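Everything below concerns the one structure shown next.
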């Protein structure tokens, strides 16, 4: 039910944002749409962001329900701090490696299928949010435009994370659990390739 409602919300917001689009400008990453739609679609348009969100979403779905709100709060706190920090810092060269490394960590947790202490999980979620925020530096925007773009990114990140988490929580059949562990191993392989490219460049 959560999955269907979140998807309907995403479609509704996407339709609304497209109706309110402004002309495309050089600082938007997706041509033809405005700042809010760009922010909303940003986590999907950047593969490193999407891979990390899939990894942490699948991991959250394997946690007990009582831990999920704290995990989402840690993710959002890190995301907001990281995004605000881009006003003064440009750590995009480092944040790409951090995204790949955190994808590797969450992929490893999925592949192994072992639980970790909740404080460590919260730290990982906060670091994931921080890396996502730091890697979303807006280009030459006013304060209001930066807030509008950031609001879209915040909604997009949460919609993806919650939907993947809800899907993961529903997959309790032994075969599905094995499938999640296989996805974890794929995330490990992809993240290692991304880290190799990031370190090489």
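The values are calculated or read from the model by the stated rules, or taken from the named source; none is laboratory data. Predicted model, so just to flag it, every value in this text is computed and none were measured. Here Cβ is always computed from backbone atoms with ideal geometry, including for glycine, and neighbour counts include all displayed protein chains.
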Any idea how many residues of region 169-194 are surrounded by 12 or more Cβ atoms within 10 Å (Cβ to Cβ) and not in a helix (DSSP H, G or I)?
-> 1
What number of residues within region 111-144 are over 19 Å from the mean Cα position of the chain (by Cα) and part of a loop (DSSP other than H, G, I, E, B)?
-> 9
Any residue in region 145-156 that is at negative phi, without any contact (Cβ under 8 Å) to a residue 12 or more places away in the chain and assigned to a helix (DSSP H, G or I)?
-> yes
Condition met for residue 121 (in contact (Cβ under 8 Å) with a residue 24 or more places away in the chain, surrounded by fewer than 23 Cβ atoms within 10 Å (Cβ to Cβ) and under 16 Å from residue 50 (Cα atoms)) = no
Sort out which residues of region 74-93 are in contact (Cβ under 8 Å) with a residue 24 or more places away in the chain and over 20 Å from residue 149 (Cα atoms), and write them in order of number.
-> 74
Can you tell which of 55, 14, 39 is modelled with pLDDT under 60 and assigned to a helix (DSSP H, G or I)?
-> 14
